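Report on the structure given below.
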Amino acid sequence: MNNKIFFSALLVGMLLGLPQFVLAGDNGHEQSSAWRIETQGWSIQDHMSAAKVSEGEIQSLESRVQDIDKRIAHFESKPHFDPKGFHRNALKHISSTLKGDTNLLNEKIAWHIRQADQAKLTQ
């Protein structure tokens, strides 16, 4: 009897949690469109300065990714320091997240540059 109740509760929890998990990926698009609305009316200098700030952030993220990749290589060359691979897998996850952030910043830089170019053409 207890097993049936446990599995029923588990099934209900999975069914309630699944839509939230599946729909969690849409937040990036909403944030991006809100960010674009927020930047309407900027001058050419505003767009170029935002692009330069983002370039600095990209350099910082890339150096962090390089450091993390070195640590991953260290764990791969000496697996006895991380026999189950927990640290290595966590570092790989962090590295991929930082690379995704870098790609997002690259898109923002390209968008700012396009907006600045369009503003130059309309002047």
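Put a dot 7 Å past each Cα toward the Cβ at Trp42 and Gln59; how far apart are the dots in nm?
Those two pseudo-labels are separated by 1.9 nm.
Enumerate the residues in segment 97-123 having an amide nitrogen under 20 Å from the point lying 7 Å beyond the Cα of Gln66 toward its Cβ.
Counting backbone N atoms under 20 Å from the label point, the list is 97-106.
Contour minus end-to-end for Phe86 and Leu121, with contour as 0.36 nm per residue of separation and end-to-end as the Cα-Cα distance?
Extra length from Phe86 to Leu121 when fully extended: 7.3 nm.
For segment 68-123, what is the convex hull volume of the alpha-carbon atoms per residue, in Å³?
Cα-based convex hull of segment 68-123, divided per residue, equals 51 Å³.
Using Cα positions and a limit of under 25 Å, work out the lysines in reach of Lys99, with same-chain residues fewer than 8 apart set aside.
Within reach: Lys52, Lys70, Lys78, Lys84, Lys108.
Just so you know, all these numbers are worked out from the coordinates, no wet-lab data involved. Just so it is clear, the model here is predicted, and its values are computed rather than measured. Note that each Cβ is placed from the backbone with ideal geometry, even for glycine, and that neighbours are counted across all protein chains shown.
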